[in-house]
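Chemist: Please read through the structure below; I'll follow up with questions.
The values are calculated or read from the model by the stated rules, or taken from the named source; none is laboratory data. The structure displayed is predicted, hence computed values, not measured ones. In this analysis, Cβ positions are derived from the backbone assuming ideal geometry, glycine residues included, and neighbour counts consider all displayed protein chains. Side chains included, ligands, DNA and RNA excluded: accessible areas come from the protein's heavy atoms. Shrake-Rupley method; radii C 1.70, N 1.55, O 1.52, S 1.80 Å.
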Amino acid sequence: MGKIQLTKVRKSFGEVDVIPGIDLTIENGEFVVFVGPSGCGKSTLLRLIAGLEDTTSGVIDIDGKDATNLPPAKRGLAMVFQSYALYPHMTVRKNIGFPLKMAGMDPAEQDKRVERAAKVLNLSNYLDRRPGQLSGGQRQRVAIGRAIVREPAAFLFDEPLSNLDAALRVGMRQEISELHQSLKTTMIYVTHDQVEAMTMADKIVVLNAGHIEQVGAPLELYNFPRNLFVAGFIGSPKMNLIEGAEAAKHNAHTIGIRPEHITVGDGPWEGVVGLSEHLGSDSFLKVAVEGLGTMTVRAPGEVHARHGDRIRLAPAGKIHRFDTNGLAI
Amino acid sequence: MSTHSSRLAARMMVAPSVVLLLIWMIVPLAMTLYYSFRFYRLLSPDRTNWVGFNNYLWFFNSPDFWLALFNTLALVGGVLFITVVLGTLIALLIDQPIKGQGFLRILVIAPFFVMPPVAASIWENLFMHPQNGLFAAVAQGFGAQPILFLEQYPMWSIIGIVSWEWLPFATLILLTALQSLSSEQLEAAEMDGASPFARFRYIILPHMTRAITVVILIQTIFLLGIFGEIFTTTQGGPGSASTTLPYMIFKQAIAAKDIGRAAAGGIIAVILANIVAYFLMRGLGRNLEN
Ligand SMILES: Nc1ncnc2c1ncn2[C@@H]1O[C@H](COP(=O)(O)OP(=O)(O)OP(=O)(O)O)[C@@H](O)[C@H]1O
Ligand SMILES: [Mg+2]
């Protein structure tokens, strides 16, 4: 009911190859997150799946059927846009009911489904308002409501939470996760946000310049990044990457060690604290270590280190090793 | 910005211009009103006196007046209909991404820069002329008799000419409205299964209502006073077939040199304009809110 398969999908805008060729399988019911730096082609890939852009070559299968040349409406997918794209002159009720109306469903049934979706999304009191009279979070919910009523084979989200403030984001993130658990429908979700990717995904797809760098479960990417790009992209603050003599000791061209896998106190490395950020639960330190460059350290709780202090560090966790091509050893 | 004193200051500062505008408007209106109750012909200027409502009655009793009233409304309504419908369609067309889009847009706007009497002359002599006109040539090409536009269909011809002049204005305003529609809304509608027609009907058209309202209101103001095109082409004829209220007033004032009647006609025109404005605002004013 929602398996999507991309085979050698390519997309170019004129001369520019935005997506040079992607193979990807999304299983039915999966929550897949696309992450990657800005401009890497996440939105383009999503729009290709939606049918809003034509593929230059390659095949998109939805539910085992070739959908490459189907118009968006025929693919049975629903999309939630970053700007919500609500219809401003229609009430919330009409917005949510619009896909049903277009499908020619009878009005009584339309009403029933709209009411049901509104109840799930806590919108029952706002059905007769216009989008302009709603808060950002409520608008987001209307956009999701408009997607739910169609009972699509899969949901596509393009950075749906990026216009919301931090607190609302956390709330909506959980709501979308719960929605996925109750509907069990395939969801494809594009985001910039590490936390969203790590917490929501069954499977993360890391994109870089139109290529897939790695596909896997969140912790799999965290623990076993396949190459330097993924190692640097997944995890916050970023993994420390060290080249040269220290790396040679481990028989690698580059070694990587995550900030949370370094302890402060005794150890082989000595450096001067540059910047220290105290969050209460954690402290982030930037330490200039002789011979290694600047290292980021994440220490739990409060650490009494200030700018200019000399401290000693020790690796205390997995050391990731990479060869000259940047691939994990 | 709305403390008591700032509002008072604002009123005081606006006052001079308001007073000036009021005088500017009231004086001519009062004079017109005054003359509309007088017997005053330029051919016998010494014989003036009060005549009550005679000047108005003359209009109401003249069969030409009712025709002129009808023609005025037909001109306004016809041109509005044609410019809004065609303007919307052309705006939809030239909003498509095509080569030479900029040039095409300039072409579409061009008629607006042609002065009304010139436009009317062009149409009369180059298009509608029974011997030299393009339409006559086309008709003859098909072996048909040339149509005598200005003689047989004078009102339709004038509506056509004026529509041609005002189409660019409507197109321009509607095009800018169209361009301000977010493409994501259209894409969302496409995903929701809306056909191209449904997208037009439920997304594009509602988005454009305000622009359409503005086009209708502005054009109505100008169309009620259309004169040059009629003067250049049909001169209100044949007979009175294409006489509108402004043209009828002109005939009383300049041809018959009857200032009293012309003034009465002017007052009737003002009342007509207010009636039209009232119904327009009642029907469309809601679209301008928020
Ligand atoms: N219509 C278009 N014409 C030409 N180039 C385009 C078009 N749309 C996107 N691109 C290019 O394709 C690349 C990928 O764009 P895309 O919008 O998919 O990035 P993204 O990963 O979603 O970035 P972001 O995270 O900033 O949203 C960009 O370099 C962009 O300039
Ligand atoms: Mg994007």
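Chemist: If the limit is 19 Å between Cα atoms, which of A:LYS65/A:LYS203; A:LYS3/A:LYS74; A:LYS119/A:LYS203; A:LYS8/A:LYS184 go over it?
Modeler: Over 19 Å Cα-Cα: A:LYS65/A:LYS203; A:LYS119/A:LYS203; A:LYS8/A:LYS184.
Chemist: Out of every Cα-Cα pair in segment A:128-286, what percent are more than 18 Å apart?
Modeler: When every Cα pair of segment A:128-286 is considered, 70 percent fall beyond 18 Å.
Chemist: Same structure again: What ³J(HN,Hα) values, in whole Hz, does the Karplus curve 6.51 cos²θ - 1.76 cosθ + 1.60 give for segment B:164-175 when θ = phi - 60°, with x put for Gly and Pro?
Modeler: Listing the rounded values in order: 4, 5, 9, 4, x, 4, 4, 4, 4, 5, 5, 5 Hz.
Chemist: At 222 nm, what value in deg cm²/dmol follows for chain A if DSSP H runs of at least 4 each add -39500 (n - 2.57) and the sum is divided by all its residues, to the nearest 500?
Modeler: One gets -8000 deg cm²/dmol as the mean residue ellipticity at 222 nm.
Chemist: What is the distance in Å between the Cα centroid of segment B:144-214 and that of segment B:1-32?
Modeler: If we compute the Cα centre of each part, the gap is 38 Å.
Chemist: Quantify how much of the Cα-Cα distance distribution of segment A:50-95 extends past 15 Å, in percent.
Modeler: 56 percent
Chemist: Here is a further query. List the longest stretch of chain B that has no exposed loop site; here a site is one of the trypsin sites (Lys or Arg not before Pro) assigned by DSSP to anything other than H, G, I, E or B, with at most 10 other Cβ within 10 Å.
Modeler: B:100-290
Chemist: Name the longest site-free stretch of chain A, where the excluded sites are GluC sites (Glu not before Pro) in a DSSP loop with no more than 12 other beta-carbon atoms within 10 Å.
Modeler: The answer is A:16-289.
Chemist: Counting other Cβ atoms within 10 Å of each Cβ, which chymotrypsin sites (Phe, Trp or Tyr not before Pro) in segment B:1-88 have at most 13 and sit in a DSSP loop?
Modeler: Sparse-neighbourhood loop chymotrypsin sites (Phe, Trp or Tyr not before Pro): B:PHE53.
Chemist: What residues have an amide H closer than 5 Å to that of A:GLN214, excluding those fewer than 5 places away on the same chain, when H is modeled at 1.01 Å from N in the peptide plane?
Modeler: Residues meeting the criterion, in which the H sits 1.01 Å from N, are A:VAL206.
Chemist: Let me have the relative contact order for segment A:164-237, percent, based on Cα pairs under 8 Å that are six or more residues apart.
Modeler: The normalised contact order for segment A:164-237 reaches 19 percent.
Chemist: Also, I was wondering about something else. Across every pair of different alpha-carbon atoms, what Kirkwood hydrodynamic radius in Å does the protein assembly as shown reach?
Modeler: Evaluated over the protein assembly as shown, this radius sits at 31.3 Å.
Chemist: Could you give me the radius of gyration and the Dmax of segment B:14-142, taking only the C-alpha atoms into account and expressing both in angstrom?
Modeler: 23.9, 69
Chemist: While we're here: With contacts defined as alpha carbon pairs under 8 Å and 6 or more residues apart, what's the relative contact order of chain A in percent?
Modeler: Relative contact order for chain A comes out at 17 percent.
Chemist: Taking the Cα centre of segment B:119-217 as origin, sum charge times position over the Cβ atoms of Lys and Arg (+1) and Asp and Glu (-1), and report the length of that vector in debye to the nearest 20.
Modeler: 120 debye
Chemist: Relative contact order, percent, of segment A:266-329 when contacts are C-alpha pairs under 8 Å separated by at least 6 residues?
Modeler: Relative contact order here is 35 percent.
Chemist: What per residue convex hull volume, in Å³, comes out for segment A:221-265 when only alpha-carbon positions are used?
Modeler: Taking only Cα atoms, segment A:221-265 has a hull volume of 83 Å³ per residue.
Chemist: Taking the dipole about the Cα centre of segment A:4-230, with the C-beta of Lys and Arg at +1 and of Asp and Glu at -1, give me whichever of A:GLN110, A:GLY210, A:GLY29 is farthest to the positive side.
Modeler: A:GLN110
Chemist: Over the heavy atoms of B:VAL19, what accessible area does a 1.4 Å probe trace out, to the nearest 10 Å²?
Modeler: B:VAL19 has an accessible surface of roughly 80 Å² with all protein chains in place.
Chemist: Looking at chain A only, what percent of DSSP beta bridges run antiparallel? Nearest 5 please.
Modeler: For chain A, the DSSP antiparallel bridge percentage is about 75.
Chemist: Also: Please list, in chain and number order, the residues 5+ apart from A:MET79 or on another chain whose amide H is under 5 Å from its amide H, with Hs placed from the backbone.
Modeler: Long-range HN contacts for A:MET79: A:LEU156.
Chemist: Right, something else. Just need log10 I(q)/I(0) for chain B at q = 0.14 Å⁻¹, Debye formula, equal scatterers on the alpha-carbon atoms, no solvent, rounded to two decimals.
Modeler: -1.15
Chemist: Also, I was wondering about something else. For chain B, what is the mean residue ellipticity at 222 nm derived from helices alone (per DSSP H run of n ≥ 4: -39500 (n - 2.57); sum divided by total residues; nearest 500 deg cm²/dmol)?
Modeler: Here the helix-only value at 222 nm equals -22000 deg cm²/dmol.
Chemist: Same structure again: Let me know the charge dipole size of the protein assembly as shown about its Cα centre in debye, to the nearest 20, where only the beta-carbon of Lys, Arg (+1) and Asp, Glu (-1) is charged.
Modeler: 1640 debye
Chemist: While we're looking at this one, here's another question. Two decimals is fine: what is log10 I(q)/I(0) at q = 0.07, 0.11, 0.13 Å⁻¹ for chain A, from a Debye sum with one equal scatterer on every Cα and no solvent?
Modeler: Those come out to -0.37, -0.80, -1.00, one per q.
Chemist: For segment A:4-230, with only Lys/Arg (+1) and Asp/Glu (-1) charged at the beta-carbon, what is the dipole magnitude about the Cα centre, in debye rounded to 20?
Modeler: The calculation lands at about 760 debye.
Chemist: Please identify every one of the trypsin sites (Lys or Arg not before Pro) in segment A:241-323 that sits in a loop by DSSP and has no more than 16 other beta carbons within 10 Å of its own beta carbon.
Modeler: Within segment A:241-323, the qualifying trypsin sites (Lys or Arg not before Pro) (loop, at most 16 other Cβ atoms within 10 Å) are A:ARG306, A:LYS318.
Chemist: I'd like to know which of A:GLN140, B:ILE159, B:GLY52 lies farthest towards the positive end of the charge dipole of the protein assembly as shown, counting +1 on Cβ of Lys and Arg and -1 on Cβ of Asp and Glu.
Modeler: Working it through, the farthest residue towards the positive pole turns out to be B:GLY52.
Chemist: Let me ask you something else. State log₁₀ I(q)/I(0) for segment A:196-329 at q = 0.17, 0.23 Å⁻¹ as given by the Debye formula over alpha-carbon point scatterers of equal weight, solvent excluded.
Modeler: Values returned for q = 0.17, 0.23 Å⁻¹ are -0.93, -1.33.
Chemist: Which percent, to the nearest 5, of DSSP beta bridges fully inside the protein assembly as shown are antiparallel?
Modeler: Rounded to the nearest five, the antiparallel share is 75 percent.
Chemist: Give me a comma-separated list of calculated 3J(HN,Hα) values for segment A:2-10, in order, Karplus coefficients 6.51, -1.76, 1.60 applied at θ = phi - 60°, integers in Hz, x for any Gly or Pro.
Modeler: For segment A:2-10, the Karplus-derived couplings read x, 8, 10, 10, 9, 10, 6, 6, 10 Hz, x marking Gly and Pro.
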